[in-house]
1. Summing +1 for each Lys or Arg and -1 for each Asp or Glu, what net charge is found among the other residues whose Cβ lies under 10 Å from the Cβ of N118?
2. Where does each of 170-176, 139-145 land if you order them by average Cβ count within 10 Å, highest first?
3. Round to a whole angstrom and tell me the spacing of the C-alpha centers of the range 173-189 and the range 77-115.
4. Compute the signed sum of charges (Lys and Arg +1, Asp and Glu -1) over the other residues within less than 12 Å, Cβ to Cβ, of V183.
5. A 22 angstrom limit on the alpha carbon distance is what I want to check against. Which of K69/K108; K162/K182; K78/K174; K155/K176; K78/K108; K109/K132 exceed it?
6. Which of the lysines could be linked to K157 by a straight reach, that is with a Cα gap under 17 Å, when you skip same-chain ones fewer than 8 residues away?
7. Any chance you could tell me what percent of the C-alpha pair distances in the range 36-200 go past 20 Å?
8. So for L43, L65, fewest C-beta neighbours within 10 Å to most, what's the order?
Amino acid sequence: MLPFNYKELSNKVHAFTDFYVKEPLEYYTNTPLFKPTRVRFELTYRCNLKCPFCDIWKLQKEEELSTFKVKQIIADIKTYLKNFYMLFSGGEQFLKEDFMEILDYTTKKSIRVTINSNGTLITHELAKKIMKSKIHDIYIPLDHVEPTKIDLIRKGKGVGEKVLSSLDNLLFFKNKYRSSVKVRVNTMINNFNVDSVEQII
């Protein structure tokens, strides 16, 4: 008797269901069968950097949603989706003056929160607030271990020092408060850092 491989069978069943059942039904009914598990919320398109690989700073700046409206939208999404996680991204979210208030409201709704930041605005005091919050994780770009190389990649003088300082601030308070907030880094491999990937890791 051949050994039973549950995992292999399960994968085949899921693949069959997706291809022959889920996809045709979604196509012909124009209705998703499963609710989203992730919501990306762009509170602001403002950014204090002009990275050559990102065009968001070129977008026309429109009037941003009020704090009241943002909270209303988050509450509506929570009512509909129940279980999901929310990614705050877009421009630099920490340029939005009431961002910490919005984060506090979101986490109190039992929503898992992830933040994307360029890592240039996280002061000692802000890092303390982040690590005492209930968010799940925060992503900071780390393109090189040398500040001047980060300046070249991000096209801004002093950017590297600010990013490394932000990471130091976050890790300091993470250790101090034994915070569950995860500090993660993104690295975009390019000609400036391809020889330094091991150091970054």
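None of the figures in this text is laboratory data; all of them are computed from the coordinates on show. Note that the structure is predicted; figures quoted are calculated from it, not measured. Using ideal geometry, Cβ is built from the backbone for each residue, glycine included, and neighbour counts are taken over all protein chains shown.
1. Once all neighbours under 10 Å are counted, the net charge is +1.
2. Final packing ranking: 139-145, 170-176.
3. 18
4. Its environment carries a net charge of +1.
5. The pairs that break the limit, which is 22 Å between Cα atoms, are K78/K174; K155/K176.
6. Excluding near neighbours in sequence, the set is K50, K149.
7. Tail of the P(r) past 20 Å holds 53 percent of the pairs.
8. L65, L43
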